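Below is one structure; the comments refer to it alone.
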Amino acid sequence: MVSAMEVSRPGLILARDDVNFSANRIQFIGNSEQLFLKGLPENEKAEDCVERLMSRHPKAIVFSVSVTEDIVELFMPFAKKYEVPLLKSDSETSFSVSSLVSFLNVELAERETRHGVLVEVFGEGVLITGDSGVGKSENVVELINRGHRLVADDAVEIRKVSKRTLVGSAPDNIRHFIELRGVGIIDARRLFGMKSVKNTSRIDLVVDLEAWDDTKAYERMGIDEEDISILGVNVPLCTVPVSPGRNIAVIIEVAAINNRQKKMGYNSAKELLSNLGMLEEENDNKPTDLDVWHNA
């Protein structure tokens with residue numbers, strides 16, 4: 001079973017240097033390795049080099065499209081002897097390596113499943129969380145009616161595809177289905193069309209819906225930005241209180257657009273406080289262009 005996201009080129013071990021060789025990786029044989037094996041001096045056998053590699057039991061050997069059949073046949077007896085799979089790509093090495101690494105980063109990524117709804121709003125992946133019955137699915141139906149796309153309802157599979165990127169999707173058996181209390185199960189793809197669904201989406205924002213609590217002081221300015229950690233990645237968090245008469249779907253739309261503005265460097269709350277003169281002390285401490293020029 002392949003467990004490493006990285007792949008390797010086994011040029012060093014073919015040349016009798018097996019320091020730091022990672023047998024748990026898929027190994028690529030490209031034009032460079034082919035030229036090395038064909039250019040060995042008479043006192044060195046290519047078979048010995050190949051067996052040195054195969055005896056380490058790599059997870060698999062992938063040949064690029066430029067590798068000739070005689071080199072592939074050179075590996076075959078050792079592949080049978082050491083039970084190493086041999087694969088052939090129809091692309092050049094660089095493209096094959098990058099494509100495989102991208103695939104492994106997704107398939108082998110650290111993952112977890114969370115209760116919630118994932119929807120793409122204006123290109124922002126919004127993970128909607130909250131207690132059962134708070135109205136997550138109902139608001140997603142309203143968002144779909146407003147032109148946005150459903151990714152997952154009830155169970156969201158979250159994968160950490162990089163140190164800063166989370167990708168969410170739905171389990172295969174419940175993909176595109178929504179549970180609506182009082183109505184039952186609906187298929188969003190068949191009911192609203194293909195434009196209303198998407199298989200995967202980045203998670204850019206978490207919106208937590210909770211029943212309105214009169215004793216709780218909710219954020220009104222947006223100066224203090226709150227995050228939530230998912231698989232070690234901090235994601236912006238917006239807590240939205242739910243009460244009769246509030247259009248939560250519209251609020252989620254605004255939260256998504258506001259989150260995109262913040263990522264682009266604009267914070268409307270800070271802009272307002274600056275206009276009101278409440279950020280003067282902070283601005284006074286910032287170096288001016290003249291200060292920067294003198295210190296250069």
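Laboratory data are not the source of any read-out in this text; all were calculated from the coordinates shown. The model shown is predicted, which means the values in this text are computed figures rather than measured ones. Don't worry about glycine lacking a Cβ; one is built from the backbone with ideal geometry, like all the others, and counts go over all protein chains shown.
Need pairs with beta-carbon distance below 6 Å; first residue in contact (Cβ under 8 Å) with a residue 12 or more places away in the chain and within the range 35-54, second of a type outside the set (D, E, K, R) and not in a helix (DSSP H, G or I); sequence gap 6+ or separate chains.
A46/L40; L53/P10; M54/V84
Determine, yes or no, whether S137 is among the small types (G, A, S) and over 14 Å from the mean Cα position of the chain (by Cα).
For S137, the condition - among the small types (G, A, S) and over 14 Å from the mean Cα position of the chain (by Cα) - is met.
Looking only at residues that are over 26 Å from the mean Cα position of the chain (by Cα) and outside any strand (DSSP E or B) in the range 177-192, which one is nearest to G116 (Cα to Cα)?
R181
If you take the residues of the range 227-276 that are of a type in the set (K, R) and farther than 21 Å from E120 by Cβ, which of them is surrounded by the fewest Cβ atoms within 10 Å (Cβ to Cβ)?
Step one: filter the range 227-276 for residues of a type in the set (K, R), giving 246, 260, 262-263, 270.
Still in the running and farther than 21 Å from E120 by Cβ: 246, 270.
Values: R246: 13, K270: 16.
In this case the residue turns out to be R246.
Quick one: would you say P236 is more than 27 Å from the chain's Cα centre (by Cα) and not in a loop (DSSP other than H, G, I, E, B)?
no
All but one of (1) aliphatic (A, V, I, L, M); (2) within 25 Å of M5 (Cα to Cα); (3) touching an Asp or Glu at 6+ places or on another chain (Cβ under 6 Å) hold for V117, so report the exception by its number.
Here V117 meets the rest and fails (2).
Considering only the range 1-113, give the helices (runs of 4 or more DSSP H) lying wholly within it that have at least 3 residues that are out of contact with any helix residue (DSSP H, G or I) (no Cβ under 7 Å at 6 or more places or on another chain) and within 28 Å of E157 (Cα to Cα).
93-107
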